[in-house]
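Below you'll find the structure I mean.
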Amino acid sequence: MEIIKSEGIILKKIPVLEADVAVVIYTQNHGKRTFIFKGIKKTKRRSQAAIEPGSIVHLVYYYNDQKSMFHVKEISLLQDTASIRDNYQAMITLFLLLEVVEKTSGQNDPNLTVYKLLKGAVDTLHKTDAYTVLALSFIIHYLKLTGIMPDYFHCSLCHKEIIDDLYLTEYNLTVYCNQCAPHNSFMFKAIAPLIYDMLSKKFLDIEISLYNSLDIQKFLFHTLLFIDHYFNIHIKTKELLFHNTLY
Ligand SMILES: [Zn+2]
């Protein structure tokens, strides 16, 4: 048995027995791991806040390679979600990011870049109200890190450069220009320049008012459907995100 110290982000909390909780944490150095907290429901409020989804923590735990859940020795809260807890859209966006990482990453599969991306996005949630754009920016970077981001800037058929509207077919990230787009494809108006900005600028430097929010929502939803399809999962939070729109 080995004692490990690590920073981590709480992805998910699962009630186990009456007083125990299992917590899925994306750790900085070892990726997604599951931890068991004995008797946490009886402890003080600060330890409770530490295991809320979205909290960033420092933890000390007992690692045993024969086990799939590890016992925590100490946990301390580095950043909680208190300042956005009453903001419905911010919380839904937070849950979306956490759910995507939780459902698409493997246990014990470290990726420091994913860790930094998630931590940066959680941090930015406290500094912006452009939640849909933040969610999309996170997802695009995540697709890039996972190696499944398409070339959004060239038509997959004629290879013409796409500088404005782009077209996609259902569940698919094969990009078409306006001339090659099949009849059943969807148009996303002026989305290419936004993706370009997301990939080349810091999030808070993007001029969000230049872009059409309805197309951004539509594009985010389409991309999440692609993720469902690609990983054979179901991202539940997307229904909450779009419950008041047409989708
Ligand atoms: Zn084309």
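Could you name the aspartates and glutamates whose alpha carbon sits less than 16 Å from that of Lys38, not counting residues in the same chain fewer than 8 places away?
In chain and number order, the partners are Glu18, Asp20, Glu52, Glu74.
On C-alpha positions alone, give me the angle between the axis of helix 213-231 and the longest principal axis of the chain, in degrees, nearest 10.
It works out to around 60 degrees.
Output wanted: per-residue J couplings in Hz (rounded whole) for the stretch 70-79, from phi through Karplus 6.51 cos²θ - 1.76 cosθ + 1.60, θ = phi - 60°, x for Gly and Pro.
10, 7, 9, 8, 9, 9, 10, 7, 9, 8
Can you list the HN-Hα couplings for the stretch 82-91, worked out from phi with the Karplus curve (6.51, -1.76, 1.60; θ = phi - 60°), rounded to whole Hz and with x for Gly and Pro?
Values per residue, Gly and Pro as x: 3, 6, 10, 4, 8, 9, 4, 5, 5, 5 Hz.
Can you check what the net charge comes to around Tyr61, using other residues whose Cβ is under 10 Å from the Cβ of Tyr61 (Lys, Arg +1; Asp, Glu -1)?
Net local charge, Tyr61 excluded: +1.
Next up: For the stretch 160-166, in order, what is each residue's ³J(HN,Hα) by Karplus, 6.51 cos²θ - 1.76 cosθ + 1.60 with θ = phi - 60°, in whole Hz (x at glycine and Pro)?
Going residue by residue, I get 5, 5, 9, 10, 9, 6, 9 Hz, with x marking Gly and Pro.
Give the peptides 130-136, 199-205 in descending order of average Cβ contacts within 10 Å, highest first.
130-136, 199-205
Percent of alpha carbon pairs in the stretch 84-241 separated by more than 27 Å?
21
If packing is taken as the average count of other Cβ atoms within 10 Å, what order do 169-177, 155-163 fall into, highest mean first?
Per-residue Cβ counts within 10 Å, averaged per peptide and sorted highest first, yield 169-177, 155-163.
Count charges around Tyr167 for me, please; just the other residues with Cβ under 15 Å from its Cβ, Lys/Arg as +1, Asp/Glu as -1.
-3
How do the peptides 75-84, 12-21 rank, highest first, by the average count of neighbouring beta carbon atoms within 10 Å per residue?
75-84, 12-21
What are the lysines whose alpha-carbon lies under 26 Å from the alpha-carbon of Lys116, with same-chain residues fewer than 8 places away excluded?
Lys5, Lys12, Lys13, Lys32, Lys73, Lys103, Lys127, Lys144, Lys201, Lys202, Lys236, Lys238
When Lys and Arg each count +1 and Asp and Glu each count -1, what net charge do the other residues less than 11 Å away from Lys238, Cβ to Cβ, add up to?
It works out to a net charge of -2.
If each DSSP helix of 4+ residues adds -39,500 (n - 2.57) and the sum is divided by the residues in the chain, what number results at 222 nm, nearest 500 deg cm²/dmol?
Dividing the helical sum by the residues of the chain leaves -11000 deg cm²/dmol.
Just so you know, all these numbers are worked out from the coordinates, no wet-lab data involved. Model, not experiment: these values are computed from the prediction. Reconstructed Cβ throughout: ideal geometry from the backbone, glycine too, with neighbour counts over all protein chains shown.
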